[in-house]
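See below for the structure under consideration.
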Amino acid sequence: MQRGKTARLVDDSEKKNPVRRVKDVEMVVPIAYGTVSFWLGKKADEYHSHKWTVYVRSALGEELGAIIKKVVFQLHPSFNNPTRSVEAAPFELTETGWGEFEIGMTVYFHPDASEKPLEIFHHLKLYPEDDTGPQSTKKPVVVESYDELVFSEPSEAFFSRVQKHPALLINGKQNPPSAAGAVETEKKKGDSKEQNLSHWFLKHSDDEELDSIMSARENVMSRVNKLKADLLQLENEAARLKANVAH
Ligand code: SLL
């Protein structure tokens, strides 16, 4: 599993038009993005050797439609209409082609979040590494990265709308998973592998590295809160001393 750089999202336009934000709150949305690519085998032709899907999804297996408004995928100029906008969840796009290239994904948040869009790049991989054996039509080549959308001091409107959402963590604490998410996973288990891409998605939830990041984050948050409390106490003390000197 690769791990991307954590994204921090803040909108510059706020300088002119300030948005009310929730202090001391950090919302984190774990995401995974990447490509799943099947070789077409007998169905392949010169320009269409592979069928692939590029996607941005919740790393916790939840729906992201409440957080993400749309994702614009930028394909190689050799595709018809290479700029493709996906306006609803799931944020994924399937194509056929012959070559590997860098896919751009611009993630737009709902307007009440008052956040700038986020730019992500992912290299589409069609061919397995030499040591994983010959190409197969059954087993896809999967490349997926984990990242986190970090909303520090989210806007009040966005926070009040999504704060209970199962796809996110608030100050390091995970919201309870949705029953819908569990039902969805059960249903998908019955589907055939070919239509059911989630079968190929990498698991991040039982990832040891991720667990240690989550608990490190909780430690940092509690130390920050302790320091904030200490600072407040010192400020009060300073104010008291100042008042004494003035007398
Ligand atoms: C390469 N630099 O040479 C890359 C470009 C482009 C892939 C890869 C288009 C498919 C279609 C397609 O797969 N382009 O025309 O429908 O490997």
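Numbers below:
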quantity	calculated
Potential extension, residue 222-residue 43 segment - 0.36 nm per residue separation minus Cα distance	58.8 nm
Sparse-neighbour loop sites [chymotrypsin sites (Phe, Trp or Tyr not before Pro); the stretch 20-61; at most 15 other C-beta within 10 Å; DSSP]	47
Ordering of 77-87, 101-111 by packing [mean C-beta count within 10 Å, highest first]	101-111, 77-87
Rounded percent of accessible protein surface that carbon and sulfur make up, the stretch 69-144, 1.4 Å probe	53 percent
Gained length - residue 233 relative to residue 211, 0.36 nm times residue gap less alpha-carbon distance	4.6 nm
Residue-normalised accessible area of the stretch 69-151, expressed per residue, 1.4 Å probe, Å²	51 Å²
Anisotropy class of the stretch 19-133 from Cα gyration tensor, a/c 1.5 cut	prolate
Global form of the stretch 83-165, assessed from the alpha-carbon gyration tensor, a/c cut-off 1.5	prolate
Global form of the stretch 63-116, assessed from the alpha-carbon gyration tensor, a/c cut-off 1.5	prolate
Greater than 20 Å apart at Cα, pairs in 23/173; 23/242; 23/226; 42/203	23/242; 42/203
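The values are calculated or read from the model by the stated rules, or taken from the named source; none is laboratory data. Here the structure is a predicted model, which is why all the values come from computation and not from measurement. Methodologically, a virtual Cβ is constructed for each residue, glycine included, from the backbone with ideal geometry; neighbour enumeration extends over all protein chains shown. Areas reflect the complete protein model, heavy atoms only, side chains present, ligands, DNA and RNA absent. Shrake-Rupley method; radii C 1.70, N 1.55, O 1.52, S 1.80 Å.
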